[in-house]
Amino acid sequence: MMLDMATRTAFNEDHHTFRETVRKVLEREVQPRIEDHERDGIVGRDEWLAAGEAGLLCPTVAEEYGGLGLDFRFNCVVTEELAYLGSWAGFPLQSDIAVDYIEHYGNDRIREAFLGKMISGEIIAAIAMTEPGTGSDLQGIQTTAKRIGDEWVINGSKTYITNGQNADIVIVVAKTNPDAGSKGISLIVVEADRPGFDRGRNLDKIGQHSADTSELFFNDVHVPADNILGAENQGFAYLMDQLPQERLSIAISAQASAQRAFDEAVNFTRERKAFGKPIIEFQNSQFQFADLKTKLQVGWAHLDWAINRHCEGKLTAAEASAAKLWHSETLSDVADMALQLHGGAGYMNEYPIAQLWRDQRVLRIYGGTSEVMKIVIGRSI
Amino acid sequence: MMLDMATRTAFNEDHHTFRETVRKVLEREVQPRIEDHERDGIVGRDEWLAAGEAGLLCPTVAEEYGGLGLDFRFNCVVTEELAYLGSWAGFPLQSDIAVDYIEHYGNDRIREAFLGKMISGEIIAAIAMTEPGTGSDLQGIQTTAKRIGDEWVINGSKTYITNGQNADIVIVVAKTNPDAGSKGISLIVVEADRPGFDRGRNLDKIGQHSADTSELFFNDVHVPADNILGAENQGFAYLMDQLPQERLSIAISAQASAQRAFDEAVNFTRERKAFGKPIIEFQNSQFQFADLKTKLQVGWAHLDWAINRHCEGKLTAAEASAAKLWHSETLSDVADMALQLHGGAGYMNEYPIAQLWRDQRVLRIYGGTSEVMKIVIGRSI
Amino acid sequence: MASDRAVEIAERVEQFVRTVVVPYEQDPRCGSHGPSDDLVHEMRGHARSAGVLTPHILSDGRHLSHRDTALVLRKTGLSPLGSVACNTFAPDEGNMYLLGKVGSEEIKQRFLSPLVEGRSRSAFFMTEPASDGGAGSDPSMMKTTAVLDGNHWRVNGRKAFITGADGADIGIIMAASDDGACMFMVDLPNPAIKIERILDTIDSSMPGGHAVVSITDLRIPADQMLGASGEGFRYAQVRLAPARLTHCMRWLGTCERAQEIAEDYAVSRQAFGKLLVDHEGVGFMLAENKIALEQCRLTIDWCADVLDQGELGLLESSMAKVAVSEALFKVADRCVQVMGGSGVSGDTIVEQAFRELRAFRIYDGPTEVHKWSIAKKIKRKALERRAVSEEKS
Amino acid sequence: MASDRAVEIAERVEQFVRTVVVPYEQDPRCGSHGPSDDLVHEMRGHARSAGVLTPHILSDGRHLSHRDTALVLRKTGLSPLGSVACNTFAPDEGNMYLLGKVGSEEIKQRFLSPLVEGRSRSAFFMTEPASDGGAGSDPSMMKTTAVLDGNHWRVNGRKAFITGADGADIGIIMAASDDGACMFMVDLPNPAIKIERILDTIDSSMPGGHAVVSITDLRIPADQMLGASGEGFRYAQVRLAPARLTHCMRWLGTCERAQEIAEDYAVSRQAFGKLLVDHEGVGFMLAENKIALEQCRLTIDWCADVLDQGELGLLESSMAKVAVSEALFKVADRCVQVMGGSGVSGDTIVEQAFRELRAFRIYDGPTEVHKWSIAKKIKRKALERRAVSEEKS
């Protein structure tokens, strides 16, 4: 059971070769430990280091910073394979989202300090955006960073932060000019060993137990002034710039996960019988599978279009939002029907479909809810 | 208001240039007469001849038979533009479906007699498959062709035949070996002036009034033995071979028509106010538009993938069926919501959306119902 | 529960519609703006003989309860022509209800009686063209004016989507005086009321179709005002919820019939070697329809019970209208799909049901407007609950 | 209409669940296989004091009507813990119903009384592992056997999805004798009945979870047979429709509560400068939920009325089960979506409602199996209609 590349249009031979490596590494390092990750609510450091060593982390970082300088399609390969495997290890957050902020907006000291170790997996990054009182509406955030001498002093709390327990560094979205709305937001790197920084409990979630998710507290946390990424009060613009890639990354996970749900249901219903014949042979099953296979065909074609467009620098914010919206909603449809086709086994956590179904629900919420995607797309009309 | 080519991936400059021509011809020859076509239930001969003269008909026919020998993407351009315009003139049936049977399976006499005139629009073709007692299930057809001497003698009746009123030649699907099921079916060309051939009334339909649709009756119709296309009893296989292109063609119409529905709704709701503000500014409208725009983005990406794949000879029957299923179902969703966004005006036939909504319903039925598509796709799993 | 009386009436109506009205469904006098007046009169004659004309109004002028009406109107709706034949169709049915509730004896005598007897048709002139910035689905924006001029009112304005205006004998006209909205009774035709055009719409069940109308210096004697000046909105609300609900009742009947037709088709036709109904792809659609139809019936009955308790039922009728119109459209769509090519042809009423139900998702308030008002009511209640719980703590 | 008595009981139950049970929702004893037996006993003690233990069974052993039960069980369902606390949960509620209907006096005395008093828990051993080719949702394929051996029955077989088996005091075991299916009463635990494993499932409301059980040479005294040999399927059908419907009742209550929570969230939280509920994208979802919840209530009451008329109600309960389980799942899903990040967290019962309703679309017959049987019934009726009309013509 693996992703079929025969009809794909986004990848060349180099990517295919890389994919073979990724599959081997994940099969060896991650797959045997998924149950542990689920139980423990976190992916271990060893897996991060193994991924780093095999070149799975941050493949786009430029050679001058110790990276491989590859195109984003290599990230896509990792994200697809991880989602298809059913692991929600936070590698994509590191490679597809966090590292770009460090590489694009960090000063030399910041790049020097973090990029190499993010590639190796020695440093795990998180991005702290959402707060207990706000959802996807960034203008409502309350965390502040005050400039006092050569330092920023940060106060506030964040929630639903992926990699929150593991994180060695946190990119904090904070108000540096509380009166200026979206024009008063900056991004500041906080090292996890700074006094005043605290992690809350690893949150109890419906799914994605392997992705540690936390509240984070900042109580008079002091960091050097040049821990800021880019210019003061420009954070909102940087976030907007990076959002398309983040949303595309979620769309990729969604599509690969949907394919896995489909494959699970096909395999299951071939074996399992009801009323004397394999479930897959009932016409209703055939029709449901036909519907799902159709959605997957359409989805892969669209995803490759979006990946190619992103790599050509043409993917707009509205297009990326549409991709996130469509692929996450489609994943929910596919996962729900795939579970239903399992019958009673479908709600047993021991079957991959049950975990997948729980895991996928949040894709319609994180990275901006479907409703926020619609607001973004709606504005482009 | 026109189709946007900026994000498309199936066409090159030649196609774009051709598209300009197509738009001009349709704007001049078809658009002013759409109301007439709707009222009369048929597209006039003049429009066919004009389309032929401008090179819109059968662009793929090889140069040796008087054609241009272009790739199928040129057909796609015509089909897209026609559907976007809101005309259901039977050009795509001629160019995307009928002509291939003549060119691929006709003998030299048949090719000689018909190809040139199909290109010029002097001959209009129909394909007679469905019968009053059968739907998409070809094995159930009752029309027979008996070999008597040097002739075929055809008896039976057909229904829902597009171009049925206009047709100069009809490719009849008939049983030549009634006991052999799908292996006893042949395709035979019947010229409309043969004694015993009769047309029923132009059928009263929910929509697509411009596409003449008829019952056809065959009462001891004699045609020469070499009016058969290809080999005796091989008709089912030929039909299967051509079906992917037919279904792709319907998918193209569906996608272009969906885009038109969307564009109509955007334009209308920008102008029309409710409770003091333009309807487009209500959040529900924005969300619905976002949803539709997302489906269209996904649809165009998929359609181009399918067109490219078809032109590379790789599109499978299941993939083409999935395309037909998805695009026709999506069209229904898009058209329904686009109508709803028009409010009361939406059910006035004078607004293009009302006609479009009536026109689109049958796309989920003709060329094989959604259920039959699901059977085909289901078998491929 | 519907009363025994209603059950008896409903049985007679069903018998009449199935045996007498259904054969008219292929009559060429069924045009795109509804059945012709000639055809209407012919069918009404039969209904009168069969004792099923205006079956929801008793001989003493009282109406059946809403719950009883629901049963009877479902049966008149078994054919798209049935409600016209039995005189239970829109807008006359709602107009009769309104006149019965708020009309003076003189008005009832002069305007209501001929309607109940099925001798006249009426139209309700409320909605105004949205393009004029007038009252689309929002009656508080009324632009048509009524000015007192001696013992007459002078009315000016434009109206849109006026169902049945063409050919109507009686009009109820809404216009704003200085006191607020008013309603007036007028005989039709009247030279001051001009039918600008009859809209060509996707539905086709209502005689006279839907018209755009201009009213220019219409003079109405003061005693033809319905009720009191300024009370027009209150009266409109009296009519509002019941009229919404009777649409639901009639179209439920039509879709029940469409489902019967689709079921009959599915057990009489083979595909790929077995009856259509034995294909799960078909059987499951019919099962979904059966469930939806039952839920529509329950929802209508529930709302009717609320109205029978004397409530205005604005929330409940909004909920019912959204639920029923959306569900019945899906039912009709699935019937079309089950029947394939014949589903989109005029051979059966299935394709008409599909078109009619499409329109019903818009008229009498589009789904979105109802959801909007339901959401407002949810908000108000949740805020009250919050206030209470904050007070407690 | 529900009786006054039921209204009074329902009010007390609601008061109890809201004030006493809801605070337990964050209790750490709520595990992934349902609340611990310790927690169950603690809550039951409170319910006994409050006079709301087993509120649907009267002191003389009679049950409330199904219609009345619907009202009371909706209220016990207001918390996912409420039905356990009030002893109206599955499978005990259905088992009590069955024993009340078909149990002898001795059986009632010995097995029913402790259940009604909330002192024991029970399990119903019917479903067999589909992987063994046994009776999944299809009881006619029963593979567990019962052989008479002197004055004892010897039972062997395997059972799956046995809710509450772990920790149960009483078992009803279904097995096939030469006469056909039989039911037996046994005390638990019993060394011949081995819990192979407790399944880890996405739902988590039922004490004891769902178990796979093997039965090896279980000896049951002949007088512990429930009713007569070979009548087991008939008894199972007695239990079938009511038990399906009480699931609908309880989960309706839970989703009504989820909707309250989502409404409260939507009026207390701002986004982009206004209350969430004022965004149409949120308000419309809540409006859809309100409509769906009302329709679920109506559908349950309708089916309850059918059962109260003494019908088996197999068709109606299939229709209700499909309609209610599918609709409530969508309600729960929209509640999650309205609440965003907190919707997927354990902070409120919304995420549990979402998981529970997902499972409910499968247990007690997946939607597809019900649609399949509804379609068969449609077919039979349509063929009959066709035969009649052919006869006439």
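The values are calculated or read from the model by the stated rules, or taken from the named source; none is laboratory data. Keep in mind that what you see is a predicted model, and the values were worked out from it rather than measured. Note: ideal-geometry Cβ built from the backbone for every residue, glycine included; neighbour counts use all protein chains shown.
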## Note on the structure
Exactly one of C:Ser137, C:Ser122 is polar (S, T, N, Q), closer than 18 Å to C:Ile162 by Cα and modelled with pLDDT under 95, and that one is C:Ser137
### Task
Could you please let me know if B:Leu341 is of a type in the set (A, V, I, L, M, F, W, C), touching a residue at least 60 places away in the same chain (Cβ under 8 Å), more than 28 Å from A:Phe287 (Cα to Cα) and within 13 Å of chain A (Cβ to nearest Cβ)?
yes
### Query
Do we have any residue at all in the range D:321-337 that's more than 9 Å from chain C (Cβ to nearest Cβ), in contact with a Gly (Cβ under 9 Å, 6 or more places away or on another chain) and of a type in the set (Phe, Trp, Tyr)?
no
#### Entry: Subset of the range C:289-303 that is within 9 Å of chain D (Cβ to nearest Cβ) and among the aliphatic types (A, V, I, L, M) - its residue that is farthest from C:Leu328 (Cα to Cα)
C:Leu298
### Task
Might you let me know whether the range A:257-278 holds any residue that is under 16 Å from the mean Cα position of the chain (by Cα) and on the phi < 0 side of the Ramachandran plot?
yes
### Query
Within the range B:196-203, is there a residue that is within 30 Å of B:Leu292 (Cα to Cα) and either in contact with a His (Cβ under 9 Å, 6 or more places away or on another chain) or surrounded by fewer than 23 Cβ atoms within 10 Å (Cβ to Cβ) (or both)?
no
### Query
Restricting the range B:205-238 to residues that are surrounded by fewer than 19 Cβ atoms within 10 Å (Cβ to Cβ) and of a type in the set (A, V, I, L, M, F, W, C), which is farthest from B:Pro92 (Cα to Cα)?
B:Ala225
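Every residue, every condition in (1) under 18 Å from the mean Cα position of the chain (by Cα); (2) assigned to a helix (DSSP H, G or I), yes or no:
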{"position": "C:Ala292", "(1), (2)": "no, yes"}
{"position": "C:Val306", "(1), (2)": "no, yes"}
{"position": "C:Gly310", "(1), (2)": "no, no"}
{"position": "C:Met319", "(1), (2)": "yes, yes"}
{"position": "C:Asp333", "(1), (2)": "no, yes"}
{"position": "C:Gln352", "(1), (2)": "yes, yes"}
{"position": "C:Tyr363", "(1), (2)": "yes, no"}
{"position": "C:Val369", "(1), (2)": "yes, yes"}
### Task
Quickly run through the range B:250-290 and pick out the residues that are touching a strand residue (DSSP E or B) at 6+ places or on another chain (Cβ under 8 Å), within 13 Å of chain A (Cβ to nearest Cβ) and more than 21 Å from B:Leu331 (Cβ to Cβ).
B:Arg270, B:Ile279, B:Phe282
### Message
Looking at the range B:273-282 only, could you name the residues that are buried (at least 18 other Cβ atoms within 10 Å of the Cβ) and at pLDDT below 90?
### Response
B:Ala274
### Query
Which one of these does A:Glu329 not meet: (1) charged (D, E, K, R); (2) within 12 Å of chain B (Cβ to nearest Cβ); (3) over 18 Å from the mean Cα position of the chain (by Cα)?
(3)
### Query
Does A:Tyr160 qualify as being buried (at least 23 other Cβ atoms within 10 Å of the Cβ), touching a residue at least 40 places away in the same chain (Cβ under 8 Å) and of a type in the set (Ser, Thr, Tyr)?
yes
### Message
Is it the case, given these coordinates, that C:Asp347 is modelled with pLDDT under 95, in a loop (DSSP other than H, G, I, E, B) and in contact with a Lys or Arg (Cβ under 7 Å, 6 or more places away or on another chain)?
### Response
no
### Task
Take the residues in the range C:219-275 that are within 23 Å of C:Glu105 (Cβ to Cβ) and β-branched (Val, Ile, Thr), then tell me which one is nearest to the other protein chains (Cβ to nearest Cβ).
C:Val238
### Counted residues, the range D:204-220 - those being in contact with an Asp or Glu (Cβ under 7 Å, 6 or more places away or on another chain), more than 12 Å from D:Cys30 (Cα to Cα) and of a type outside the set (A, V, I, L, M)
1
#### Entry: Every residue from the range A:345-381 that is among the β-branched types (Val, Ile, Thr) and away from chain B (no Cβ under 14 Å)
A:Ile353, A:Val362, A:Ile365
### Message
Just to be sure I understand, how many residues within the range D:169-218 are in a loop (DSSP other than H, G, I, E, B), among the charged types (D, E, K, R) and under 17 Å from D:Pro129 (Cα atoms)?
### Response
1
### Task
Would you tally the residues in the range B:183-211 being over 23 Å from B:Arg111 (Cα atoms) and either among the aliphatic types (A, V, I, L, M) or more than 14 Å from chain C (Cβ to nearest Cβ) (or both)?
9
### Task
Please enumerate the residues belonging to the range C:14-36 that are in contact with a Lys or Arg (Cβ under 8 Å, 6 or more places away or on another chain) and over 13 Å from C:Leu81 (Cβ atoms).
C:Glu14
## Note on the structure
Of (1) buried (at least 24 other Cβ atoms within 10 Å of the Cβ); (2) within 21 Å of D:Val20 (Cβ to Cβ), D:Ala70 satisfies every one except (2)
### Query
Which of the residues that make up the range A:291-326 are facing chain B (nearest Cβ under 9 Å) and either among the charged types (D, E, K, R) or at positive phi (or both)?
A:Asp291, A:Lys293, A:Lys295, A:Asp304, A:Arg309, A:Lys314, A:Glu319
### Task
Return only the number of the condition from (1) within 18 Å of B:Glu20 (Cα to Cα); (2) surrounded by fewer than 17 Cβ atoms within 10 Å (Cβ to Cβ) that B:Glu81 does not satisfy.
(2)
